[in-house]
Amino acid sequence: WENPDARFFAVYPFVGNTANKISLSPITYNGTPYIDFEVNPEVTKQKDLMTACSGEAHYTKRGTAPRVKLNFRHALTAVKFAIGQDISWNKIIDKVEIRNAISNGRYTLSTDAAHYTGAGWTFPKKTTRMAAFRLSGLSISTKRNPNTTILGEGDNYIFYMIPQTLTGNNVVAYVHFTDNT
């Protein structure tokens, strides 16, 4: 009761599942909590990373916990693919990859409910650039109207990526067609 203020944090997906490749800062860590995160190279197995902070919660009545809200915020970038204005051929896409993108990093959680203070990504000195984040086994026609989303619209084909600078880092999108082009 001598210290009636608290702050609550939440993370999705479940951290205890090793398949999610998420670890929290140690309980002994004296600072703003962080998450070490690694993106799964298989797009259909990726999970969106979401975090929440209550902001400061103040206990006003002894023995009665205050009501707190946890509004989740996306920590990853969602990459979708659409047919461009200049595609004039009729082909079938069977594989899409994003190559040489950063696959792991540390996300420091925000300390306020609006998710502005302190939130952000940092990368270890040994940051891993993934050879390819891949989505294969597709059969998607390019013969659609321009600007039609072909990957990432209600199909579990969203590439969840750590926000990062692409320019100058040789990050490329690779699209493979059934005719081997």
For the range 74-91, what are the residues that are over 13 Å from PHE133 (Cβ atoms), in contact with a Phe, Trp or Tyr (Cβ under 6 Å, 6 or more places away or on another chain) and open to solvent by 20 Å² or more (accessible area, probe 1.4 Å)?
LYS91
Taking into account only those residues within the range 26-55 that are surrounded by 14 or more Cβ atoms within 10 Å (Cβ to Cβ) and more than 13 Å from the chain's Cα centre (by Cα), which is nearest to GLY120 (Cα to Cα)?
TYR34
Boolean, PHE9 is modelled with pLDDT of 90 or more, within 30 Å of MET130 (Cα to Cα), in contact with a Pro (Cβ under 8 Å, 6 or more places away or on another chain) and outside any helix (DSSP H, G or I):
yes
GLY118 fails exactly one of the following numbered conditions: (1) touching a residue at least 24 places away in the same chain (Cβ under 8 Å); (2) in contact with a Gly (Cβ under 7 Å, 6 or more places away or on another chain). What is the number of that condition?
(2)
Scan of the range 64-109 for residues that are basic (Lys, Arg) and either in a loop (DSSP other than H, G, I, E, B) or at positive phi (or both), ordered by number
ARG67, LYS69, LYS80, LYS91
Condition check: open to solvent by 70 Å² or more (accessible area, probe 1.4 Å), out of contact with any Cys (no Cβ under 7 Å at 6 or more places or on another chain), of a type in the set (D, E, K, R) and at pLDDT below 85. Does LYS125 satisfy that?
yes
So VAL175 ticks every box in (1) among the aliphatic types (A, V, I, L, M); (2) surrounded by 13 or more Cβ atoms within 10 Å (Cβ to Cβ); (3) within 30 Å of ARG7 (Cβ to Cβ) but one. Which box is left unticked?
(3)
Lone qualifier among GLY137, GLY168 - being part of a loop (DSSP other than H, G, I, E, B), closer than 25 Å to GLU38 by Cβ and out of contact with any Gly (no Cβ under 7 Å at 6 or more places or on another chain):
GLY168
Scan the range 68-122 for residues that are in contact with an Asp or Glu (Cβ under 7 Å, 6 or more places away or on another chain), at pLDDT below 90 and of a type in the set (Ser, Thr, Tyr) and report the count.
0
Taking the stated definitions as given, is TYR12 open to solvent by 30 Å² or more (accessible area, probe 1.4 Å), over 30 Å from GLY137 (Cβ atoms) and aromatic (Phe, Trp, Tyr)?
no
Give the range 128-148 a look and list any residue that's more than 19 Å from GLN46 (Cα to Cα), open to solvent by less than 80 Å² (accessible area, probe 1.4 Å) and of a type outside the set (Gly, Ala, Ser), or say none.
ILE140, THR142, PRO146, THR148
Single unsatisfied condition, GLU56 versus (1) farther than 16 Å from GLY152 by Cα; (2) of a type in the set (Asp, Glu); (3) in contact (Cβ under 8 Å) with a residue 60 or more places away in the chain
(3)
Does TYR157 fit the bill of being among the hydroxyl-bearing types (Ser, Thr, Tyr), in a loop (DSSP other than H, G, I, E, B), touching a residue at least 24 places away in the same chain (Cβ under 8 Å) and open to solvent by 50 Å² or more (accessible area, probe 1.4 Å)?
yes
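The values are calculated or read from the model by the stated rules, or taken from the named source; none is laboratory data. The structure presented is a predicted model; accordingly, all values stated were derived computationally and were not measured. Glycine also receives a Cβ, built like all others from the backbone with ideal geometry; neighbour counts cover every protein chain displayed. Side chains are part of the model used for accessible areas, which takes the heavy atoms of the whole protein and leaves out ligands, DNA and RNA. Shrake-Rupley method; radii C 1.70, N 1.55, O 1.52, S 1.80 Å.
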